[in-house]
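This report concerns only the one structure given below.
Please treat every number below as a calculation from the coordinates, not as lab data. The structure presented is a predicted model; accordingly, all values stated were derived computationally and were not measured. Cβ placement follows ideal geometry from the backbone for every residue including glycine, while neighbour counts extend to all protein chains displayed.
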Amino acid sequence: MMKFHISTFGCQMNEHDTEKIIWVLEKIGYQQTNNRNEADIIIFNTCAVRKTAEDRAFGQLGELQDLKRKNPDLIIAVCGCLMQKEEIRDYFLSKHKHIDIVFGTNNIHKLPQLIDRHLRTGDKVIDVIEDTREISDNIDSNRKYSYKAFVDIMYGCNNFCSYCIVPYTRGRERSRSVKSIINEVENLAQTGCKEITLLGQNVNSYGKTLEEKTTFSQLLALLNKIEGIERIRFMTSHPKDFSDELIEAYKSLDKLCNHLHLPVQSGSNRILKLMNRNYTKEQYLERIYKLREEIPDIAITTDIIVGFPGETEEDFEETLDLIKKAKFDSAFTFLYSIREGTNAAKMTNQIPDEIKHDRFQRLLDVLYPIGLESNKRLIKTVQKVLVEEISKNDENILSGRTECNKLVHFKGSRDIIGQIVDVEITNVKTFTLEGRMV
Ligand code: SAH
Ligand code: SF4
Ligand code: F3S
C-alpha cells in the first residue's frame, strides 16, 4: 500500500484543492499519513500570494533532500499556485533537483496518471495547464470535516489588483454552473453537512460567465432552500461589487450567517487607486454603514496591506482612520510583498522594511482594542455555536464558531461535535470567546 503525505500552504481554495487531491489518491488505493518519514509520496500544495509563503515552501522542500537520499524511491510532487508561474516553477526545479512531479491547479484529476508515468519511466513529469478557461468540475473531495464543507462556486479572478499574483496563477474568472453547485450541496446535506462556505476570489461577480445569467444573491437564495444545510458562508467578496441585492439577501435568507469578510486593503484613496481597487474609502464606509444599519449584529472582517509602494504617513493614517470608523471585528494584516509580474512590482518607490514593520505594529495597536470591544458586546448573550473540535490542551473543552464566525471555547463532551448548540458567552479575549452551554 502506497502512503502519501500532503502539506498545504495558502488560502481556503488550496485547502479545498488538497481535499480533492486526497480523494483522487484514496480512490486509487493510496493511504494518507501524517508522518513524512513513512510516506512513499510527499506532496506540497503551494501558495504564491506573498514571498514568505514562497520561501517557506522552498525551504521545506530543501529539507526533503535528506529523506530522498535515504529513500531514492520517495516521490516528491509539487503543485498549487507557485507552479502555475513559469519563472517560479523553473527556479524551483533548477534549485531542487529532487522534485519528481509538478502539476498545477487545473489538473488535480490527472495526478494518478502523472504518478504512473513517473513510476514507469523514472522521468521528471511536469504537467501544468496554463490555459485556465476550462473548469475541471468532476473532482470529488475527501472532506476534512463531515459537518462543514467548502464548495467552489467560481475559479480565477479578473480584477488585477496591482499587488496581487492570483490572476496570474488561477487564471480568468469563470463560474461553476448553478446545477453542479446545487448538486454538490444537496449531496453534502444528505451526508449530514450543516455548514457550507462558498469559495471564490470575488463571489459577488458570480454568474457573469454563465450562459444563463444568475447573480450571487440568486444563487444564495437557491442554496438557502436546501434542507439540512443550516449555515451558509462565503469568501471572498469585493467592495466594488458589494450590491444592495446582497444586503437584501442578508435580511431575507435565514441561513446566511451574519458575518461578512470584505477586504479593504487601504484607507487612502490615492493608494486604493494605485492598487486598482475601483472604490474609495467613502464608498467602502457607505457600504458598511448601510449593512450595519440593516443587520445590526453583523460581524465585519477585512484584509489590510501596509507598505504598498509609495504609501506615505498620511496614507497610512487614512487606513487607521478607516479602521476606527469601520470598527472591524478582526482583520488579516499583511506587509506588502513584491510579486514579480504584477504592476506594483514595477513601482520604484518601494517602502523600507523598518517603516513597514513600524506601521504594521501601529495597525495592530488600533485593531485589537476595537476587536475586543466588539467581542465584549457579546458577553451575556446566547450564541448558536457549531461545535467543531476538542481542545488540544484539555479534552473537556470544546471549540466552535458562532454564526458571526467567532471562536468560542466551552465545556462539553466530544459526542456533540458537529451539532449546533446554545452557548452563553461569559468572558471574552481579543481573538476568542469563552462560554457555557445552556
Ligand atoms: N480574492 C481575495 C483574496 C486574495 S489573497 C480578495 O480579493 O479578497 C488574500 C489577501 O492577501 C488579499 O486580500 C490581500 O490583502 C493579501 N495580498 C495579496 N497580494 C499581496 C501582496 N503582494 N502583498 C501582501 N499582501 C497581499
Ligand atoms: Fe487578487 Fe484582487 Fe483578485 Fe483578490 S480581487 S484575488 S486581491 S486580484
Ligand atoms: Fe495563495 Fe493561490 Fe490562494 S496564491 S492565497 S493559494 S489563490
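Summary table
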{"quantity": "Normalised per residue, the volume of the convex hull around the Cα set of the stretch 215-342 (Å³)", "calculated": "120"}
{"quantity": "J(HN,Hα) series, the stretch 15-20, from Karplus relation 6.51 cos²θ - 1.76 cosθ + 1.60, nearest Hz, glycine and proline x", "calculated": "4, 6, 4, 4, 4, 6"}
{"quantity": "Measure of compaction for the stretch 140-202 (Cα Rg per 2.2 N^0.38 Å)", "calculated": "1.30"}
{"quantity": "Per-residue [θ]222 nm for the chain (sum of -39500 (n - 2.57) over DSSP H runs n ≥ 4, rounded to 500)", "calculated": "-10500 deg cm²/dmol"}
{"quantity": "Label-point separation in nm, Thr430 to Asn396, each point 7 Å along Cα→Cβ", "calculated": "2.9"}
{"quantity": "Rounded Å value of the spacing that divides the Cα centres of the stretch 189-262 and the stretch 346-424", "calculated": "22"}
{"quantity": "Gain in span if fully extended, Gln283 to Thr381, counting 0.36 nm per residue against the direct Cα distance", "calculated": "32.1 nm"}
{"quantity": "Gain upon complete extension [Leu67, Val438; 0.36 nm per residue less C-alpha separation]", "calculated": "128.4 nm"}
{"quantity": "Vicinal HN-Hα couplings computed from phi for the stretch 100-117 (Karplus, 6.51 cos²θ - 1.76 cosθ + 1.60; Hz; Gly/Pro x)", "calculated": "9, 9, 10, 9, x, 7, 10, 9, 4, 5, 8, 3, x, 5, 5, 5, 4, 4"}
{"quantity": "Across Lys95/Lys124; Lys327/Lys376; Lys3/Lys392, pairs whose alpha-carbon gap is larger than 20 Å", "calculated": "Lys3/Lys392"}
{"quantity": "Net charge, Thr432 excluded, C-beta distance under 12 Å - Lys, Arg +1, Asp, Glu -1", "calculated": "+2"}
{"quantity": "Estimated distance in nm for a label pair at Asp422 and Gln32, the labels positioned 7 Å out from Cα along Cα-to-Cβ", "calculated": "3.6"}
{"quantity": "Charge dipole magnitude, Cβ of K and R +1, D and E -1 - the stretch 91-193, Cα centre, debye nearest 20", "calculated": "260"}
{"quantity": "For peptides 10-18, 183-191, sequence by mean Cβ density within 10 Å, most packed first", "calculated": "10-18, 183-191"}
{"quantity": "Among beta bridges that DSSP assigns inside the chain, antiparallel share in %, nearest 5", "calculated": "35"}
{"quantity": "Efficiency of FRET between His357 and Asp303 - r from beta-carbon atoms, R0 22 angstrom, step 0.05", "calculated": "0.75"}
{"quantity": "Protection proxy ranking of 201-214, 345-358 - average other beta-carbon atoms within 10 Å, highest first", "calculated": "201-214, 345-358"}
{"quantity": "Length-normalised contact order of the chain in % [C-alpha pairs under 8 Å, at least 6 apart]", "calculated": "10"}
{"quantity": "Charge dipole of the chain about the Cα centre (unit charges at C-beta), most positive-ward option of Ile370, Ile101, Leu272", "calculated": "Ile101"}
{"quantity": "Dimensionless Rg/Rh of the stretch 382-437 - Kirkwood Rh, Rg from C-alpha atoms", "calculated": "0.91"}
{"quantity": "Cα centre as origin, Lys/Arg/Asp/Glu Cβ charges: the chain dipole, Debye", "calculated": "220"}
{"quantity": "Rg to Rh, two decimals, where the stretch 3-127 supplies the alpha carbon set and Rh follows Kirkwood", "calculated": "0.92"}
{"quantity": "Pair-distance profile P(r), taking every C-alpha pair of the chain, with 10 angstrom steps and integer %", "calculated": "4, 19, 28, 28, 17, 3, 0"}
{"quantity": "For peptides 62-69, 150-157, 335-342, sequence by mean Cβ density within 10 Å, most packed first", "calculated": "150-157, 335-342, 62-69"}
{"quantity": "Val78 long-range amide H proximity, modeled H, under 5 Å", "calculated": "Phe44, Ile101, Val102, Phe103"}
{"quantity": "Greater than 25 Å apart at Cα, pairs in Lys194/Lys290; Lys273/Lys346; Lys384/Lys411; Lys325/Lys429", "calculated": "Lys194/Lys290"}
{"quantity": "Pair Leu93, Lys411: separation of 7 Å Cα→Cβ label points (nm)", "calculated": "5.9"}
{"quantity": "Karplus (6.51, -1.76, 1.60) ³J(HN,Hα), θ = phi - 60°, over the stretch 21-38, in Hz, Gly and Pro reported as x", "calculated": "4, 4, 4, 4, 6, 5, 4, 9, x, 7, 10, 7, 10, 8, 10, 4, 5, 9"}
